[in-house]
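Contents: one structure, followed by commentary.
The values are calculated or read from the model by the stated rules, or taken from the named source; none is laboratory data. This one's a predicted model, so the numbers in the text were calculated from it and none came from an experiment. Virtual Cβ from ideal backbone geometry, glycine too; neighbours counted across all protein chains shown.
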Amino acid sequence: MIKQITINAGERLEFFEQGDFFRLMQAADPITVEYFAREKRVVEAEEVNEGYAEKFERSQFERIAITSATTQQIQFVIRDGNSVDYDQPPTGSVIVENSSGPFTQQQKTVTNASGQLLAEKLNRRYLLIQNNDAAGILYINLSGAAAAAASGVRVLPGGSYECQGYVTTSAINAIGNIANNPNIVVVEG
């Protein structure tokens, strides 16, 4: 999608277009671009100028919001799977939200009855569940429902499950195939 529009001073315009690439082709003054995926803002590029481009290597955005401090004519392109070359060098700064923060690490015990491994956490951005047992298999449910061997995510002995970027905020339940497995390590951030 190539779009050429006039944006008014202080106006915030939203465009619902899925893509993994954005390039600002024309702008007389700096603008701010916010990228959203799954209804969450994932990146904000503040005060960027003509020539600015952003390529998402492992994910896509579903919409963008553009704000300008001045009234101006801008032109931009959104692509999915392709990028657009442009000779103008980009200027400005990019702020990646939620790129760092505290982690917690806990040793957990899982039995052969479903139980809560982690409580619901609305700001969870990272999750690692490691099964350090030599023989026990771990089954996890990421939706908040009870864990079951028949429908759980299986983590083999010595294996792990890692989730980053789009991470469940629900409670996480687990069940094992042995009566007592005290060798589960959980890291979240």
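Numbers at a glance
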{"read-out": "Among the candidates V185, V153, residue that is farther than 30 Å from E39 by Cβ and surrounded by 14 or more Cβ atoms within 10 Å (Cβ to Cβ)", "value": "V185"}
{"read-out": "So I66, is it touching a Leu at 6+ places or on another chain (Cβ under 9 Å), at pLDDT 95 or above, closer than 16 Å to V167 by Cβ and not in a loop (DSSP other than H, G, I, E, B)", "value": "no"}
{"read-out": "Of residues in segment 20-32 being free of Cβ contacts under 8 Å to residues at least 60 places away in the same chain and surrounded by fewer than 21 Cβ atoms within 10 Å (Cβ to Cβ), the one nearest to G10 (Cα to Cα)", "value": "T32"}
{"read-out": "Of all residues making up segment 33-49, the number that are at pLDDT below 90, buried (at least 17 other Cβ atoms within 10 Å of the Cβ) and acidic (D, E)", "value": "0"}
{"read-out": "Candidate set from segment 156-176 (those that are surrounded by fewer than 16 Cβ atoms within 10 Å (Cβ to Cβ) and touching a residue at least 40 places away in the same chain (Cβ under 8 Å)); member that is nearest to L138 (Cα to Cα)", "value": "T169"}
